[in-house]
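**Q** Sharing a structure with you now.
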Amino acid sequence: MTAAEALPLLPIRGAHCDDAEEIARLLSQLGHLTTSQELVQRWPAWAEAGNSALVAPRADGTLAGLAVLHRMHVLHRPRPVGRVTALVVDLDVRERGLGRALVDAAEAACRAAGCGLMEITSHVRLVDAHGFYAHLGYERTSLRFAKTLEA
């Protein structure tokens, strides 16, 4: 029996601030180095802006996966846009359908929030993820350019 089989997953649920340590661990796997303390500090304003996250908990309290969701109102669309800005499945449980389950749950949450379009952002270096998203029916529709702004 593998470690992943020994740690059964519980149903996907909404994340809460108490998950910050595990969320920070998972985000670091994507290269988003942050601490649980930083997440706890940002959480109230982030959640108040209508954002949320979904997690896939294990029975031992650790998290096997995470989807971070944002909802945006843009002037050129009649309904809000839902966006997954981070999706990560822990290394030991990849390729078992959890990524698909998190995307399905994210789509359902955004649909329930009135969103008319779903987007997923993914770093250009995550080529395998791009194939995964295409397999789920997502199309590359635009390019995103980023620039860090000094305070």
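**Q** Out of 37, 41, I need the residue that is surrounded by fewer than 12 Cβ atoms within 10 Å (Cβ to Cβ) and either among the acidic types (Asp, Glu) or more than 14 Å from the chain's Cα centre (by Cα) (or both). Which one?
**A** On the way: 41 fails: surrounded by fewer than 12 Cβ atoms within 10 Å (Cβ to Cβ).
Only one candidate passes the filter, namely 37.
**Q** Any idea which of (1) modelled with pLDDT under 95; (2) within 19 Å of residue 120 (Cβ to Cβ); (3) surrounded by 14 or more Cβ atoms within 10 Å (Cβ to Cβ); (4) not acidic (Asp, Glu) is the one residue 96 doesn't satisfy?
**A** (2)
**Q** OK, next. In this structure, is residue 45 in a helix (DSSP H, G or I) and modelled with pLDDT under 95? Even if it seems obvious, please write down each step before you answer.
**A** On the way: in a helix (DSSP H, G or I): yes; modelled with pLDDT under 95: no.
Judged against the criteria, residue 45 is not a match.
**Q** Filter the stretch 120-151 down to residues that are over 19 Å from the mean Cα position of the chain (by Cα), among the acidic types (Asp, Glu) and within 23 Å of residue 104 (Cβ to Cβ), then give me how many there are.
**A** Within the stretch 120-151, residues that are over 19 Å from the mean Cα position of the chain (by Cα), among the acidic types (Asp, Glu) and within 23 Å of residue 104 (Cβ to Cβ) number 0.
**Q** Quick one: residue 75 ticks every box in (1) open to solvent by 70 Å² or more (accessible area, probe 1.4 Å); (2) under 24 Å from residue 95 (Cα atoms); (3) at pLDDT 95 or above; (4) not aromatic (Phe, Trp, Tyr) bar one, so which box is it?
**A** So the condition that residue 75 fails would be (2).
**Q** Let me ask something additional. Being within 16 Å of the chain's Cα centre (by Cα), among the small types (Gly, Ala, Ser) and open to solvent by 20 Å² or more (accessible area, probe 1.4 Å) is the filter here; which residues of the stretch 99-112 pass it?
**A** The initial filter retains those residues of the stretch 99-112 that are within 16 Å of the chain's Cα centre (by Cα), namely 99-111.
Narrowing further to those that are among the small types (Gly, Ala, Ser): 99, 101, 105-106, 108-109.
Across the stretch 99-112, the qualifying residues are 101, 105, 108, 109.
The values are calculated or read from the model by the stated rules, or taken from the named source; none is laboratory data. If you're wondering where the values come from, they're calculated on a predicted model, not measured in any experiment. All Cβ positions, even for glycine, are placed from backbone atoms using ideal geometry, and neighbour counts span all protein chains on display. With ligands, DNA and RNA removed, areas are computed over all heavy atoms of the protein, side chains included. Shrake-Rupley method; radii C 1.70, N 1.55, O 1.52, S 1.80 Å.
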